[in-house]
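The next block holds one structure in the form of structure tokens; read it before the comments.
The values are calculated or read from the model by the stated rules, or taken from the named source; none is laboratory data. Since this is a predicted model, take the numbers as computed values, not measurements. Backbone-built Cβ (ideal geometry, glycine too); neighbour counts: all protein chains shown. With ligands, DNA and RNA removed, areas are computed over all heavy atoms of the protein, side chains included. Shrake-Rupley method; radii C 1.70, N 1.55, O 1.52, S 1.80 Å.
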Amino acid sequence: MSIEFPVKEQYTMADLLDLMVALRSPQGCPWDREQTHESIRSNFLEETHEAIEAINNRDVAGLREELGDVLMQVTLHTQIATEEGEFTFDDVVDEVCRKLIVRHPHVFGDAVAGDAAAVLKTWDAVKRSTKGKEGESATQADLLRSVPRSLPALMRAAKVQGRARRVGFDWPEVSGALAALDSEVEEFKTAVASGNAQEIEEELGDLLFSAVNVSRFVDTDAEQALTVSTDKFIARFDKVEALAKERGLDMTKMSIDELDKLWCEAKALTV
């Protein structure tokens, strides 16, 4: 027995919530009924990345579609929570509305914030006052810890550094960050020479963290920069493979010097 759902010219948020109830009902979809917060968390991440991909590609139609998929994930999680008696969609909406009002005292209160930097300081101050233990304000370190560890590592590093910067914990200019990067390169070389795996991992992490720090000073998104470089590597590798094939060469049997020569040719052709 199928579920009847009205055909409309324009559906609303209420319709989406009703759809999710129907999909999770005994007469609904077996797959949807089986899902838990844990089973679909990777789906949430995937849909978010697809939305980001649409933004990167300036694909307006694609962004509209992918934001719908993200919203679907939100409604599915809230329906699961509603069934478990944990919270409802209205609770989610209520909480985010209250948060936005409280954290914008320069809009809905008497505070003054003349630019974006001042807004962020106000946001952090309010966040510290609401995120701490009962009767206490959260520390700045608490705000750094609150950056999700599940974020891509470069993105998390940049966000942590940005929050530290808001209280003045940062180099005054890029030269300081560059000097720190040079220092980390030398420390990493020393670690590699030592052959100590734990030390190598630690120093490589410090090196990457310092590289992200430099990226902030030159207004470059480290995550995006690495994505572009990875795409560039793939394109050049593809050209190397094509050149080798044209010349009847087997890449697996070529020396690193021979491959490097092909790489230089590919680099010249794909710039």
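Is it the case that residue 226 is surrounded by 14 or more Cβ atoms within 10 Å (Cβ to Cβ), touching a Ser or Thr at 6+ places or on another chain (Cβ under 6 Å) and either assigned to a helix (DSSP H, G or I) or free of Cβ contacts under 8 Å to residues at least 60 places away in the same chain (or both)?
For residue 226, the condition - surrounded by 14 or more Cβ atoms within 10 Å (Cβ to Cβ), touching a Ser or Thr at 6+ places or on another chain (Cβ under 6 Å) and either assigned to a helix (DSSP H, G or I) or free of Cβ contacts under 8 Å to residues at least 60 places away in the same chain (or both) - is not met.
Within segment 229-251, can you find the residues that are in contact (Cβ under 8 Å) with a residue 12 or more places away in the chain and basic (Lys, Arg)?
Once the filter is applied, which keeps residues that are in contact (Cβ under 8 Å) with a residue 12 or more places away in the chain and basic (Lys, Arg), segment 229-251 yields 232, 236, 239.
Does at least one position in segment 93-103 carry a residue that is in contact with a Phe, Trp or Tyr (Cβ under 7 Å, 6 or more places away or on another chain) and open to solvent by 40 Å² or more (accessible area, probe 1.4 Å)?
yes
Output the qualifying pairs, or none if there are none: Cβ atoms under 6 angstrom, residues six or more apart or on different chains, first residue in segment 252-271 and over 27 Å from residue 228 (Cβ atoms), second residue open to solvent by 80 Å² or more (accessible area, probe 1.4 Å) and modelled with pLDDT under 95.
none
Do we find a residue being outside any helix (DSSP H, G or I), open to solvent by less than 70 Å² (accessible area, probe 1.4 Å) and free of Cβ contacts under 8 Å to residues at least 24 places away in the same chain anywhere in segment 7-21?
There is no residue in segment 7-21 that is outside any helix (DSSP H, G or I), open to solvent by less than 70 Å² (accessible area, probe 1.4 Å) and free of Cβ contacts under 8 Å to residues at least 24 places away in the same chain.
Restricting attention to segment 229-271, which residues are within 32 Å of the chain's Cα centre (by Cα) and part of a loop (DSSP other than H, G, I, E, B)?
271
Checking residue 42 against (1) within 27 Å of residue 151 (Cβ to Cβ); (2) among the polar types (S, T, N, Q); (3) open to solvent by less than 70 Å² (accessible area, probe 1.4 Å), which test does it fail?
For residue 42, the exception is condition (3).
How many of the residues in segment 51-84 are more than 21 Å from residue 28 (Cα to Cα), open to solvent by 60 Å² or more (accessible area, probe 1.4 Å), assigned to a helix (DSSP H, G or I) and at pLDDT 95 or above?
So the count comes out to 4.
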